[in-house]
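To keep things clear, I will list the structure first and then write my remarks on it.
Where a number appears in this text, it was derived from the coordinates with a stated rule and is not lab data. Every value quoted in this text rests on a predicted model; they were computed, and no experiment measured them. Positions of Cβ are generated from backbone atoms using ideal geometry, with glycine treated the same way; all protein chains shown enter the neighbour counts.
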Amino acid sequence: MTKPQSLDELYARFDGMHMEGGWHRRFPALWPVPEENFLPYVWRYADVYPVLEAAGDLVSTEFAERRNLTMRNPVEGNRYATVRTLVAAYQMVKPGEIARSHRHTPNALRLILDGRGTTTTVNGKRVEMRPGDVMLTPNWAWHAHENAGNDDCYWLDFLDVPTVHLLEPMFFERHPNGLEAEVEDVEISPVAFRWEDTLAALESSSDDAGGMCAAQVELGDPALDTVRLYMQRLAKGATRTHRTTANSLFAVVEGQGKTCIGDTELTWARGDVVAVPAWRAYRHEASEASVLLRVTDKPVFEKLGWLREEIA
Ligand SMILES: [Fe+2]
């Protein structure tokens, strides 16, 4: 190969070698503070509910295991994620429907919105899920669910699938027998957080998350390797303003209000999901006493030394 004789020849040579000069980048590699990529957004249960009902009518039981609606962040170029590291979805399961046992490397959790009679079986322990309950299905745990009741059941799923997409260790498999053979019914499980227990813990909690709520309790510590969960009670009125390098999704368990993120105001009510991407200053303004479930990738940032938080 000859030696390039000019800068133009040098840059042309880079292209042919799939290389780039650090002084001559097409896109910067470092910048002083986190960029604003993913967008603040709200998905409203009232809008989703009739769509899920229609999906229940139109999408047959054979696809029922995938009858969920993922919340795709509207930022340009995004194909799947709700915020950079997490995805949220609404799911509806009709009476008699079963999702066969399977496991995957993504960590997942579920918040029940409406309907009784659905059980989730995690590693052979079967728990009935009721509204307000939170259920974990950690990395590689066998899990299945079944609606043995009379109600259509609605819940929210949260998974770290986008984190797995980034790091690539995606594995998924179905249980060889369809369902686990040995199943025990339990009322108490380390992967289930009961609404009544959460409410009682909130009553006695003095943790106000630095003024970001009236009281909060953490479910698990952390709930999953990649996810922390906080159930937060808001009093009527505004919280302080919070900014963190971690990403958050807020699910409205009770109440109504709005979340202000820069110039964006996102109003919410029960069952809605609010996306607060990394490093966006936000505050909540509840118009009545409310409860939010905060789902955040904070453990990832803690482990890697990248958690920065400010409360103003
Ligand atoms: Fe799953």
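By definition, a body whose alpha carbon gyration tensor gives a ≥ b ≥ c is oblate when a/c is 1.5 or more and a/b is not larger than b/c, and region 41-193 fits this oblate description. Helix 45-58 axis versus longest C-alpha principal axis of the chain: approximately 80°, rounded to the nearest ten. Relative to the present Cα-Cα distance, how much length would full extension add between Arg44 and Arg308 at 0.36 nm per residue of separation? Between Arg44 and Arg308, full extension yields an extra 92.1 nm. For the pair Glu35 and Leu7, label points projected 7 Å from Cα toward Cβ lie 2.4 nm apart. In terms of other Cβ atoms within 10 Å, Tyr154, Tyr49 run from fewest to most in the order Tyr49, Tyr154.
For region 109-259, the percent of C-alpha pairs falling in each 10 Å distance bin, counted from 0 to the bin holding the largest distance, reads 9, 35, 35, 17, 4, 0. For region 202-254, dividing the convex hull volume of the Cα atoms by the residue count gives 99 Å³ per residue. Length gained on full extension, Arg100 to Arg240, computed as 0.36 nm times the residue gap minus the Cα-Cα distance: 46.0 nm. Between the helical axis of 7-16 and the longest alpha-carbon principal axis of the chain there is an angle of about 40 degrees. Each semi-axis of the equivalent ellipsoid for region 197-311 is √(5λ) with λ an eigenvalue of the Cα gyration tensor; in descending order they amount to 20, 18, 12 Å.
Note on Glu265 and Met170: the model spin-label points, each 7 Å out from Cα along the C-beta direction, lie 4.0 nm apart.
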